[in-house]
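Okay, structure first, notes after.
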Amino acid sequence: MIKQTIAGLILAVSVVCFWSMVTADVVTTLPGPARSIMIVIVAVVGFAAWMVLLSSRDHRSPALLRLDWFLPQLRRLRAGQAQNTRWFGRLLQRSLPASWQSDRKTKKRGWVRRALRGLGISWLASPPRRVIQAICLIAFLASFFYVCWPYDAIPKPPAQQSGGWQFAELDQTTGQVRLSRPTPENWLQVTREFIFLGLEQDGQTTAIGCPLVTHSGNEITLEIDQEFPDELLDVLLAGSQSWLIYDADPNQWPAHYTDNLAAKEKISAELFLAIDPLVSLSTAIASRSWVWSLACAAIILIVCVLIPRGFCGYLCPLGTTIDLFDWLVTRRSKRFQVADDGWWVHIKYYLLAGTLVAAVCGILVSGFVSAIPVITRGLLFVVDPLVNGFSRGWHLVPGMNAGHLVSILLFCAVLALGFLRPRFWCKYVCPSGAVFSVGNLLRISERKVEASCIHCNKCVEICPFDAIKPDFTTRTSDCTLCQSCGGVCPTHAIKFVERWNVVELKVENDPPTHETSLGRRGFLSLAAGTSAATVGGLGVAGATKLFGADLDDAGSPRPVRPPGSVPEPEFLQMCIRCGECFKACPNNVLQPQGFTQGLEGLWTPEVVADWAGCESSCNACGQVCPTGAIRALPLEEKKAARMGLAIVNQQTCLPFAGREECDLCVQECNAAGYRAIEYIQVGTQTDDDGRPIDGTGMLAPVVLNGQCVGCGLCQTRCYAINVKEKQLLAESAIIIQAGQGYEDRLMSGSYLQLQNERLKSKRTEATPASTAEPESAPAESAEDENPFGL
């Protein structure tokens, strides 16, 4: 009793700590790896305490751990026989009306059993598994088509403003300032506690937030605190300027896409990708770095110690999709079916070995074969274009390249394997499932068959993972504890207990299974398969490097990557090619790369600025990346991260070429808030005395390298108007280029700090030596000239 009490207390504390870490984020002061490790430790301690509680002896059964949650076959009770139901059955009996339940005396099925039987025999056998599968598939689709759906984000309306306000009075005692204007302003009649006081200078508006003490239509009283800049206070008290009043900060950076994702992301959109262990494991090996999703994979592997391969049997949305496809399509044809004992039964282990060998060589190929990337990319390339086309218009669906076709064929092949055997991919091919099969070696629960087995073969027929031997015992590496077999057993001979339970078990190898331990032939087969997997992994790695991205050639063009991408070598090793960033990206700015970088760059994201530019209010790509190939940057950091540099082609740019006036790129850049393009006068003609002739020359754009982040909005506008609409150019006259000196790619650290250092360095270089301040100049003069420290 003392042991159970202590275990219960430890479990309760662990649950509270784990919930606090995940939701309240109380350990944000720790670095990411340490935080993840702490979460895993708490989860392991809680899991151990839970196991101690579960191992308490149940006097109704000799088993220490009973995990039966299937719906057993309905059997008629004999006279005087007591009904023996497990905890799941008792829960249903207490929660459901009596009219819904079956009558065990007459063996008449109740409404629940009839409804489940109508859905299918597997629903009747193990309804909890089917319900969990349905919930997980719906959750996956919701995260993909709702949480990562950016098109319902609505920008906030512009700040309401009122001009013509003049300084009226300063209260020396309270420090409050009164302003007035001749006519009243209606929106000021609404009760407010805070407004922004603004002043226009040199075409820019400086706005300072101030507490609002009193207000009427044409008179307001503001509280001036210590944060109010002294130079603006001097201008205010001088009474010579006309001021503006705003109900919101007019210079606030737009954040509607970021806010939209945060509001909908109750659970991380990349959750299923994060708990696929092959994704994080192969990425960490290939990049030789910590991947945050390793913690999530560790947690799901720990859970699968209790429920072996539970991810495959309950959680995996690809497995549920394959189930649906088999039910709709492949079950209607038996022509191509193969036996269940061929060489193909171990393909998943060889694929896993080859994938890990390639990862050791620095090549990440798990995105081609891991379960969750396969279905994510399949939905992205097959279903998402249809959804976008019908809901938003087909003109907003990007074109396809060879990479799209390869991914679509791969996804269709995964589904078509069901013609060979139901759920063939999950049984024999999926390397993510192989990770859990290896993890089954550490299982503490197992399917057991008691001596009451009558060899009816129903369990073999319903098993979706070929996990039952001909003698009706268990292939423990393949069993997912789905418990469908328990629900169809007419003698209730199947139980799910601790693996060391040997009470009342049937005799093994009866009937004979003809399965032996590893002999000479089995050893040779294993050696050949392992050798083939190793050679295959090395071959894929070598071919990918040979025909992949040539990163050593500084002159070769570089794709423009999303903002916050890690350096290109690490990016290619960490990007899992899942396509989650494409789905979350507004207006399809990010599109999958084809074979321009060979297999190494296939399906990796690149910015296609001819199609659209990177929205200044969005940081979704980093928020949904499951491996950290795109860092999850706050919006303040993202807007300072350079992903490229805009280059003006002076040979084709309309003002530079002297063809016509054009300021599309300048307008777009200013509207986005970057103000990274200025005008210069070009083509001005002079008279005989060297004086400029009025009406000659044009204003042409010049990019400010220190302020341009390569968002591509300027290129998008030039391409849409001058190339597509007016057909004045063959290609955009301003193009985003990436590469050395054009972009910032950091594994860690602040992009904002890097931008500030770059701007400070440029100002220092641009200051002529003759204009430098003398040493005798007072220190405060620098502050007077530059009060904001910029």
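Quick rundown of the values:
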item	result
Count of residues meeting criterion [of a type in the set (Gly, Ala, Ser) and in contact with a Lys or Arg (Cβ under 8 Å, 6 or more places away or on another chain)] in the stretch 165-213	1
Complete set of residues in the stretch 492-508 that are touching a Cys at 6+ places or on another chain (Cβ under 9 Å) and assigned to a loop (DSSP other than H, G, I, E, B)	ALA493, LYS506
Every residue from the stretch 262-318 that is part of a helix (DSSP H, G or I), within 30 Å of GLU600 (Cβ to Cβ) and at pLDDT below 90	SER293, LEU294, ALA295, CYS296, ALA297, ALA298, ILE300, LEU301
Of the criteria (1) over 27 Å from VAL435 (Cβ atoms); (2) basic (Lys, Arg); (3) open to solvent by less than 20 Å² (accessible area, probe 1.4 Å), which one ARG377 fails	(1)
Subset of the stretch 553-593 [of a type in the set (Gly, Ala, Ser), open to solvent by less than 10 Å² (accessible area, probe 1.4 Å) and either in contact with a Ser or Thr (Cβ under 8 Å, 6 or more places away or on another chain) or farther than 18 Å from VAL291 by Cβ (or both)]	GLY579, ALA584
Filter result (over 17 Å from GLY163 (Cα atoms), in a strand (DSSP E or B) and open to solvent by 50 Å² or more (accessible area, probe 1.4 Å)) within the stretch 195-235	VAL213, THR214, GLU223
Hits in the stretch 475-498 (condition: closer than 13 Å to VAL449 by Cα, open to solvent by 20 Å² or more (accessible area, probe 1.4 Å) and not charged (D, E, K, R))	THR476, PRO490, THR491, HIS492
Residue check, ALA207 more than 43 Å from the chain's Cα centre (by Cα) and hydrophobic (A, V, I, L, M, F, W, C)	no
Any hit, the stretch 694-702, residues being small (Gly, Ala, Ser), modelled with pLDDT of 85 or more and either in contact with a helix residue (DSSP H, G or I) (Cβ under 9 Å, 6 or more places away or on another chain) or assigned to a loop (DSSP other than H, G, I, E, B) (or both)	no
Residue check, ALA730 more than 30 Å from GLY628 (Cα to Cα) and open to solvent by 40 Å² or more (accessible area, probe 1.4 Å)	yes
Matching residues in the stretch 246-261 - criterion: being of a type in the set (Asp, Glu) and at pLDDT 90 or above	ASP259
LEU92 at pLDDT 75 or above, at negative phi and touching a helix residue (DSSP H, G or I) at 6+ places or on another chain (Cβ under 8 Å)	no
Residue in the stretch 715-723 that is open to solvent by less than 60 Å² (accessible area, probe 1.4 Å) and among the small types (Gly, Ala, Ser) present	yes
Output for the stretch 571-592, where each listed residue is β-branched (Val, Ile, Thr) and more than 15 Å from THR283 (Cβ to Cβ)	VAL589
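The values are calculated or read from the model by the stated rules, or taken from the named source; none is laboratory data. This structure is a prediction, so every number in the text was calculated from the model and none was measured. Glycine gets a Cβ as well: all are built from the backbone with ideal geometry, and neighbour counts include every protein chain shown. Just so you know, the surface numbers come from the protein's heavy atoms only, side chains and all, with ligands and any DNA or RNA stripped out. Shrake-Rupley method; radii C 1.70, N 1.55, O 1.52, S 1.80 Å.
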